[in-house]
């Protein structure tokens with residue numbers, strides 16, 4: 001699903017620890033997808049088929065590229081992050097990964113905390129960017145259980161307050177596992193994570 005891949009690429013350049021090198025690789029990926037879409041657009045046009053949806057996707061790719069080039073310039077000018085700048089006030093899944101049970105037993109982790117970690121990991125596994133509707137669907141697919149929308153929304157709100165998740169600017173009900181950079185995301189409309197009917201072959 002190439003639109004999911006685009007979502008992941010757009011999310012990846014928001015990471016504070018993203019390097020210019022890794023960002024450049026994502027830029028090349030978007031360029032490849034742009035060229036692929038333009039080729040399909042021209043093919044459809046030669047057959048007299050509608051190209052409206054592809055025109056919109058091409059515009060999204062171009063906007064994404066512009067923002068990624070801007071991010072590349074910003075990251076190149078930033079000094080390396082200091083350890084003191086890292087958030088050490090809230091435990092995250094990566095903090096406890098690989099720890100022995102004896103140490104885990106000494107940490108102030110509740111069952112609710114562990115459920116938050118599982119939810120964050122699920123969002124991360126799905127590309128790091130999900131809407132509330134997609135979270136409900138993915139939870140059902142993984143567990144067979146239907147979560148209460150109101151309770152799940154409250155949990156997500158608490159996770160944002162704790163820094164486990166972040167709201168996406170101008171995208172109500174959309175959450176990301178990485179901290180967005182507002183100046184870079186301004187004006188960008190990320191495509192849906194899944195559009196099965198619009199997948200390119």
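Computed from the coordinates by the stated procedures, all read-outs in this text should not be read as laboratory data. Please read these numbers as outputs of a predicted model, since none were measured by experiment. Every residue, glycine as well, gets a Cβ built from its backbone with ideal geometry; the counts of neighbours run over all protein chains shown.
What is the distance, in nm, between label points placed 7 Å from the Cα along the Cα-to-Cβ direction at residue 132 and at residue 94?
Modelled inter-label distance: 2.8 nm.
Pop the C-beta distance of residue 152 and residue 49 into the FRET formula with R0 = 45 Å and round what comes out to the nearest 0.05. Let's see the in-between values first.
Numbers: r = 41 Å, r/R0 = 0.91.
Using R0 = 45 Å, I get an efficiency of 0.65.
Show me 125-136, 160-171 ranked by packing, highest mean number of other Cβ atoms within 10 Å first.
On the way: 125-136: 18.8, 160-171: 15.6.
Descending mean neighbour count gives 125-136, 160-171.
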